[in-house]
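**Student:** Here's a structure for you.
What follows is calculated from the coordinates using simple rules that are stated; it is not laboratory data. The model shown is predicted, which means the values in this text are computed figures rather than measured ones. FYI the Cβ positions are ideal-geometry reconstructions off the backbone, even for glycines, and counts take in every protein chain you see.
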Amino acid sequence: MDLTIALEHRFARTRDGAVWTPTSLSRRSWTRYLGAFERVRLLARVDHIAEARPDWLRVDSDRVEMAPVPHYVGPAQYLARWIEVEHAVRAALASHPHDAVILRVPGTIGGVAARALRAERRRFGLEVVGDPWDVFAPGASDHALRAAFRWLATSQLRRLCLESCANLYVTAAALQRRYPPASGAPSFASSDVELGDDAFVDAPRTTESPAGPPFRIVHVGTLAALYKAPDLLIRAVARCARDGLDVRLAILGDGRHRPALAALSERLGIGGRVVFLGHLPSGDAVRRELDSAHLFVLPSHQEGMPRAMIEAMARALPCLGTRVGGIPELLSRPALVDAGDRALARRIADIARDPELRADLSRRNLTRAREFHERTLQPTRERFYQEVAAATGIRSDAHANGAAHATGA
């Protein structure tokens with residue numbers, strides 16, 4: 001049986017037909033599905049480019065292919081192309097009626113695919129990877145229709161979780177509380193992080209591990225929206241600098257808010273302390289930045305289960321995060337902070353000046369991250385895939401039997 005996965009990630013296709021990603025969700029990401037399915041089709045947006053950058057990652061293979069959706073960025077471009085998008089999604093699903101289908105939600109493509117599947121009375125599984133209630137929270141989104149988007153997206157996700165044949169949540173409990181599965185429906189919990197042996201360091205940092213000066217902070221997240229709060233972190237770093245801490249901040253990620261964030265750094269007088277590194281491919285390039293940092297900070301307004309934080313924990317890097325989504329499932333109390341640049345600045349300074357606290361956080365993080373190794377997570381994922389395949393197989397058999405009956409076979 002083949003599998004179609006509908007997802008929000010944007011890919012790029014070069015003239016030779018190869019498909020690329022600048023950051024995550026490369027070939028390695030789809031290997032986990034190929035033990036349960038013969039082939040994977042990615043129903044996602046695809047941009048057409050002349051050539052890929054040398055550090056981009058290949059996506060397609062002999063068992064992974066694209067079901068391309070017209071490219072767009074943001075609500076305005078979607079509205080301009082929504083008819084094309086709807087047609088492409090429906091056509092892709094209709095052309096493979098016996099595929100199992102998994103929707104990675106929340107997201108526009110998953111919502112469009114769900115409407116098409118309802119019309120065909122086809123079953124689907126869900127991978128629930130985020131929370132739209134927090135994505136569109138005040139401070140996380142600046143869109144004029146933020147409140148309407150928040151209500152609509154949250155309502156749609158609740159409905160999908162009640163309709164699906166099986167749910168895989170990236171949190172142990174946080175997303176399940178707000179978006180419960182239907183009574184009796186199979187439900188699983190497993191992060192979608194990718195951690196093999198090479199992702200881990202051998203030992204935690206100690207009280208003797210240097211922490212500058214300068215004290216180096218790293219942040220990883222999209223700059224296409226502000227729900228990971230890089231603006232709040234920049235303000236907190238500015239407070240730390242004014243209070244005498246020699247601090248530097250490296251921001252990994254890119255998006256439309258990057259120029260405004262760079263301007264904010266200049267206005268606060270820390271332009272020389274903040275570096276924007278843009279998109280880095282997952283793997284060694286990101287790990288080098290994590291290994292050279294003294295603290296990973298994710299002051300998000302919303303999270304599912306933050307993969308970047310788990311990757312940082314696997315490098316035994318002390319982490320600091322807000323009490324949202326799955327972050328409290330990862331971090332101990334001393335590493336959790338309420339939203340706000342004042343509280344964040346105080347906690348950064350506390351960690352910078354306390355080598356015993358840094359060593360304790362490093363030890364806790366490495367121990368916790370080992371629970372997210374691929375060999376630990378994959379059995380749970382496999383059980384979810386089997387549930388989705390079984391539910392789709394029942395539907396496919398019924399469809400085939402009905403067609404045979406209609407033709408008198």
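**Student:** Report, to the nearest 10°, how far helix 146-163 tilts away from the longest principal axis of the Cα atoms in the chain, using its own Cα long axis and a range of 0 to 90°.
**Tutor:** Helix 146-163 sits at roughly 50 degrees to that axis.
**Student:** Ok, one more. Can you compute the label reach from R118? Point 7 Å from Cα along the Cβ direction, backbone N cut-off under 15 Å, restricted to the stretch 142-161.
**Tutor:** 152-161
**Student:** Let me ask another. Quick query: amide H of G278 versus all other amide H atoms, modeled in the peptide plane; which residues come in under 5 Å with a sequence gap of 5 or more or a different chain?
**Tutor:** Amide H neighbours of G278: G253.
**Student:** Still on this model: For the modelled label position 7 Å from the Cα of Q386 along Cα-to-Cβ, which residues of the stretch 26-70 have backbone nitrogen atoms closer than 12 Å?
**Tutor:** So the set is 36.
**Student:** On a full-extension model of 0.36 nm per residue, what is the gain between T14 and R323, subtracting their alpha-carbon distance, rounded to one decimal in nm?
**Tutor:** 107.1 nm
**Student:** How large is ³J(HN,Hα), in whole Hz, for each residue of the stretch 178-189 in order, when computed from phi with the Karplus curve 6.51 cos²θ - 1.76 cosθ + 1.60 and θ = phi - 60°, using x for Gly and Pro?
**Tutor:** 8, 10, x, x, 5, 4, x, 6, x, 9, 9, 10
**Student:** Further question: Return one number: the angle in degrees, 0 to 90 and rounded to the nearest 10, between the long axis of the Cα atoms of helix 74-94 and the longest principal axis of the Cα atoms of the chain.
**Tutor:** 40
**Student:** Now, a different point. Helix 108-120 versus the longest principal axis of the chain: what angle, 0 to 90°, nearest 10, using Cα atoms?
**Tutor:** 20
**Student:** Another question, if that's okay. Kirkwood-based Rg over Rh for the stretch 197-371 (C-alpha set), two decimals?
**Tutor:** 0.93
**Student:** If you keep only loop residues by DSSP, which trypsin sites (Lys or Arg not before Pro) in the stretch 214-317 have at most 15 other Cβ atoms within 10 Å of their Cβ?
**Tutor:** The qualifying sites are R256.
**Student:** Given R₀ = 30 Å, what would the calculated FRET efficiency be for R353 paired with A285, taking r from the Cβ atoms and rounding to 0.05?
**Tutor:** 0.50
**Student:** For each of S292, S190, count neighbouring Cβ atoms within 10 Å of the residue's Cβ, then give the residues from fewest to most.
**Tutor:** Least to most surrounded, the residues fall as S292, S190.
**Student:** Looking only at the chain, where both bridge partners belong to it, what percent of the DSSP beta bridges are antiparallel (to the nearest 5)?
**Tutor:** 10
**Student:** Next question. List the longest stretch of the chain that has no exposed loop site; here a site is one of the GluC sites (Glu not before Pro) assigned by DSSP to anything other than H, G, I, E or B, with at most 14 other Cβ within 10 Å.
**Tutor:** By the stated rule (loop sites, at most 14 other Cβ atoms within 10 Å), 209-409.
**Student:** Between L34 and R342, what length comes free when the chain is fully extended (0.36 nm per residue of separation minus the Cα-Cα distance, one decimal in nm)?
**Tutor:** Full extension from L34 to R342 adds 106.2 nm.
**Student:** Using 0.36 nm per residue, how much length does the chain from I49 to R81 gain when fully extended, once their Cα-Cα distance is taken away?
**Tutor:** 9.6 nm
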